[in-house]
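What follows draws every value from the coordinates through simple rules; no lab data is involved. Keep in mind that what you see is a predicted model, and the values were worked out from it rather than measured. All Cβ positions, even for glycine, are placed from backbone atoms using ideal geometry, and neighbour counts span all protein chains on display.
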There are 2 protein chains.
Amino acid sequence: MTSRVYVLGGYQTDFAENWARNGDELYDGFAHTVKTGVETVGIEPEQIDTAHVGNFAAELFCKQGHLGGFFAAQHPSFSGKPASRHEAACASGSIALLTAAAEIEAGRYGVAAVIGIEQMRNVPGQTAADYIGGPAMFSGHECTDVEFPWPHLFSELAEEYDKRFGIKQEHLAAIAKINFGNARRNPNAQTRRWTFTDESFTEDDEANPVIEGRIRKQDCGQLTDGAAIVFLASAERAADYVKKHGGKLEDLPYIKGWGHRTAPITYAQKIEESKDSPYVFPHVRGTIQDAFARAGIDSVDDLDGIETHDCFTSTEYMAIDHFGITEPGESWKAVEAGDIELGGRIPINASGGLIGLGHPVGATGVRMMLDSYKQVTGSAGDYQIEGAENVATLNIGGSATTTVSFVVGR
Amino acid sequence: MTSRVYVLGGYQTDFAENWARNGDELYDGFAHTVKTGVETVGIEPEQIDTAHVGNFAAELFCKQGHLGGFFAAQHPSFSGKPASRHEAACASGSIALLTAAAEIEAGRYGVAAVIGIEQMRNVPGQTAADYIGGPAMFSGHECTDVEFPWPHLFSELAEEYDKRFGIKQEHLAAIAKINFGNARRNPNAQTRRWTFTDESFTEDDEANPVIEGRIRKQDCGQLTDGAAIVFLASAERAADYVKKHGGKLEDLPYIKGWGHRTAPITYAQKIEESKDSPYVFPHVRGTIQDAFARAGIDSVDDLDGIETHDCFTSTEYMAIDHFGITEPGESWKAVEAGDIELGGRIPINASGGLIGLGHPVGATGVRMMLDSYKQVTGSAGDYQIEGAENVATLNIGGSATTTVSFVVGR
């Protein structure tokens with residue numbers, strides 16, 4: 001048995017903020033997040049042994065790489081402490097978490113700060129679409145004649161569901177409506193004050209215009225500036241922490257299980273490989289099953305909530321059956337039954353998800369871990385899932401190229 | 001005691017190749033490297049559990065990120081295997097190695113493929129200088145009015161040595177001459193067929209023009225297309241490997257020790273922090289001492305060779321005293337005594353280093369590990385250090401922001 005990796009808590013920025021409009025650069029967002037994270041969790045900077053940064057595309061948006069190098073300057077005691085940056089497109093934050101956890105399991109370090117960060121609203125919208133369009137897919141080979149590559153590929157995913165099982169637009173719209181609705185309860189959600197009409201979730205081309213194919217405006221995750229930090233700790237250091245802060249080690253959440261699989265980078269090859277599988281993305285199903293197996297849980301019914309990737313509504317539609325909430329192709333049943341709503345059988349994206357809360361790409365995996373922590377410690381405020389003990393994440397990079405799932409609980 | 005991580009061997013591309021001129025994209029270089037690496041080491045693809053990619057700036061040079069996603073398509077058995085990309089500027093390759101080793105130590109995987117890769121010669125020289133100029137330092141805040149940021153900062157390093165201890169240009173030139181000389185013995189070196197005159201290593205402004213300050217043309221590492229792969233394995237899986245291939249586990253090199261420290265990203269803050277230290281970069285000294293301590297070796301005299309970062313001659317000049325070959329500030333003594341030449345007391349960069357062999361940024365840390373493997377297994381050919389048993393690396397990102405050192409031996 002490997003040693004447990006505990007989650008001491010963390011912090012996320014207000015995803016509604018536009019950093020450039022506030023006069024803030026990437027560095028300012030980083031500095032604010034580390035400082036406020038340390039204060040929020042009440043950990044002494046001297047106790048932090050190492051830092052891992054998840055970021056996708058700072059080179060393009062901010063002409064800045066080497067983000068591990070930002071950490072040392074944040075406190076005198078950080079200077080010299082090992083730091084690094086990890087990238088797997090929209091799953092970058094989860095790769096940073098996996099690396100930090102592996103180093104703790106290996107006994108290298110006791111406490112790791114894991115920071116996910118992305119600044120994306122400092123460039124025009126079409127530039128942002130270009131920056132996130134190419135690099136996360138097979139650049140120059142996929143979607144070369146498409147205006148919005150990601151909406152296109154996730155429209156293709158909806159098409160694939162339609163081909164194999166049938167899919168109705170109204171179920172995708174219902175997912176969007178739930179996530180925007182949950183976001184209204186989340187004080188950090190980018191869209192918490194956005195207003196919608198009944199037409200916003202219909203096929204009304206004015207209120208909900210088509211972006212690409214089956215993907216309309218309200219089916220899309222947001223372009224967001226944001227960062228999140230969590231602190232991971234070995235059992236020994238977690239015990240020190242609770243001793244100092246009161247409480248018991250048993251009350252502290254830990255990473256019960258994880259899964260990590262990577263598929264060929266092109267969407268076409270993934271679909272080709274899955275043609276004989278009951279699942280559209282069998283490797284995503286495998287990632288979730290790996291996390292379940294390591295956590296020692298049998299099925300999704302042992303979970304109290306899920307924070308999943310919903311870069312588009314079709315992504316969440318896929319997550320529903322891949323988590324085993326329904327049989328393959330029957331995700332619509334869970335939508336119709338209210339299963340995935342707050343108070344339902346298995347609430348999904350109580351936080352609002354990427355659609356409602358926002359999607360600062362490299363931060364998302366870390367933010368999911370933070371929301372899982374909040375849920376299982378009963379500190380999620382107005383979006384709390386009552387009595388949550390076990391929550392799973394599913395973070396996806398590219399067209400489900402990199403897939404990572406965690407089960408967090410107590 | 002943590003479990004040993006063995007090095008099964010690997011492969012590097014010919015660093016003299018210009019990929020774009022050959023019609024090759026980044027993906028082609030990646031595919032070639034994985035395929036040839038697998039063949040060279042004689043490992044079955046099915047035996048590889050995971051892949052880690054070190055890369056600095058593919059987003060800028062190739063509009064491509066998410067390089068972990070390249071791995072799965074290289075062999076049917078790779079599909080679904082976890083892969084990720086790691087970045088710390090010129091130390092990206094070493095961060096990929098550290099992560100792979102941590103996962104093996106944690107018992108997550110048995111065999112990891114670690115690929116370092118960079119394509120840099122597909123854009124004009126000044127564009128390349130811009131791409132590597134900003135992102136690895138504090139972009140927009142350092143060197144904003146400088147034409148060649150990195151030559152400028154490493155000229156500043158030479159200035160700092162001059163201020164503290166005195167430095168002579170001839171000793172920097174001698175380092176360049178040794179590295180270009182060693183490269184002539186290395187069949188993969190970018191500069192192996194380059195010709196120089198006696199004036200090339202003087203202050204002749206025509207034969208050796210100033211780039212920035214104290215840094216002249218021959219003091220610079222190269223812009224290189226290239227990739228390297230090594231395979232790391234747990235003790236159990238390394239034993240399986242030798243069983244199949246003949247030989248004994250004791251004959252297989254392993255990572256005896258490692259160090260990893262990260263300093264504040266700006267050059268100015270590093271120099272400010274070091275003002276009361278005998279070393280210009282005390283954290284670099286600390287990184288090396290961490291690697292020595294974990295390897296259980298007392299001093300540099302227990303090593304048979306070093307593969308160090310020499311992005312500029314001043315970088316290697318700094319490495320000489322920081323490794324403890326001389327007292328601080330006396331690196332020139334080792335240069336004059338012939339200590340660092342092949343056949344000397346402690347040969348440095350027998351491979352040719354970044355100046356002679358070339359510097360495909362994200363590949364360099366992995367290439368250093370591969371050369372260490374070659375040296376300690378007696379398979380370095382014409383640049384073999386006779387009887388080498390222990391070799392250390394020093395890989396540096398930015399202005400010595402990220403520093404990683406490994407000790408590899410048998």
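Using only helices, what value at 222 nm comes out for the protein assembly as shown when you add -39,500 (n - 2.57) per DSSP H run of length 4 or more and divide by the total residues, to the nearest 500 deg cm²/dmol?
Working: 26 runs with 282 residues, N = 820.
Mean residue ellipticity, 222 nm, calculated: -10500 deg cm²/dmol.
Looking at the protein assembly as shown only, what percent of DSSP beta bridges run antiparallel? Nearest 5 please. Please list the in-between numbers first.
Values: 73 of 103 bridges.
The answer is about 70 percent antiparallel.
If you put +1 on each Lys and Arg Cβ and -1 on each Asp and Glu Cβ, how big is the dipole of the protein assembly as shown around its Cα centre, in Debye rounded to 20? Spell out each step's value before the answer.
Values: 68 positive and 114 negative charges, 269 e Å.
Computed charge dipole of the protein assembly as shown: roughly 1300 debye.
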Label geometry 7 Å along the beta-carbon vector: A:E159 inter-copy distances in nm: 5.8
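Counting only C-alpha contacts under 8 Å and six or more residues apart, can you give the relative contact order of chain A as a whole percent? Walk me through the intermediate numbers first.
Numbers: 934 pairs, mean separation 103.7, N = 410.
That works out to 25 percent.
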Under 5 Å, built H, 5+ apart or other chain: amide partners of A:R85: A:V53, A:G68, B:E87
7 Å along Cα→Cβ, label-point gaps from A:D198 to other copies, nm, shortest first: 9.4
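Compute the FRET efficiency between A:K168 and B:T36 as 1/(1 + (r/R0)^6), taking r as their Cβ-Cβ distance and R0 = 51 Å, and round to the nearest 0.05. Can you show the working numbers first?
Details: r = 49 Å, r/R0 = 0.97.
Computed FRET efficiency for A:K168 and B:T36: 0.55.
What number in nm² do you get for segment B:295-399 if you take the convex hull of its Cα atoms and divide its surface by four? Don't skip to the answer; put the middle values down first.
On the way: hull surface 25.8 nm².
If you wrap the Cα atoms of segment B:295-399 in a convex hull and average its projections, you get 6.4 nm².
Count the DSSP beta bridges whose two residues both fall in chain B, then state the antiparallel fraction as a percent rounded to the nearest 5. Please report the intermediate quantities before stating the final value.
Details: 35 of 50 bridges.
Around 70 percent of the beta bridges assigned by DSSP in chain B are antiparallel ones.
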For A:K243, label point 7 Å along C-beta direction: distances to other copies, nm: 4.3
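Just add up the charged neighbours of A:I255: K/R +1, D/E -1, any other residue whose Cβ is under 11 Å from the Cβ of A:I255. Mind showing how you got there, number by number?
Values: positive: A:R4, A:K256, A:R294; negative: A:E105.
For residues surrounding A:I255, the net value is +2.
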Sequence-distant lysines (8 or more away, or on other chains) whose Cα lies within less than 19 Å of B:K270: A:K81, B:K163
Distance from segment B:297-371 to segment B:232-280 (C-alpha centre basis), Å: 15
Cα radius of gyration and Dmax for chain B (Å): 19.8, 59
Difference of contour (0.36 nm per residue) and Cα-Cα distance, A:T144 to A:D14: 43.3 nm
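Take every Cα pair under 8 Å in segment A:142-261 that's 6+ residues apart, average their separations, divide by the length, and report that relative contact order as a whole percent.
On the way: 71 pairs, mean separation 26.5, N = 120.
About 22 percent, as a whole number.
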Pairwise FRET efficiency - A:D298 versus A:A239, Cβ, R0 = 25 Å, nearest 0.05: 0.25
Vicinal HN-Hα couplings computed from phi for segment A:8-23 (Karplus, 6.51 cos²θ - 1.76 cosθ + 1.60; Hz; Gly/Pro x): 8, x, x, 7, 10, 6, 6, 6, 7, 5, 9, 4, 4, 5, 7, x
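With viscosity set to 1.002 mPa s at 20 °C, what whole-number translational diffusion coefficient in µm²/s follows for the protein assembly as shown from Stokes-Einstein and a Kirkwood radius over Cα pairs?
On the way: Rh = 26.6 Å.
So the translational diffusion coefficient is about 80 µm²/s.
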Projected label distance in nm at A:S379 and A:D198, using a 7 Å step from Cα toward the beta-carbon: 4.2
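From the Cα trace of segment A:64-217, what convex hull volume per residue do you get, rounded to a whole Å³?
On the way: hull volume 30.0 nm³, N = 154.
So the per-residue hull volume is 195 Å³.
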Candidates A:A291, A:A239, A:A228, ranked by Gaussian network fluctuation over chain A, Cα under 10 Å, top entry: A:A239
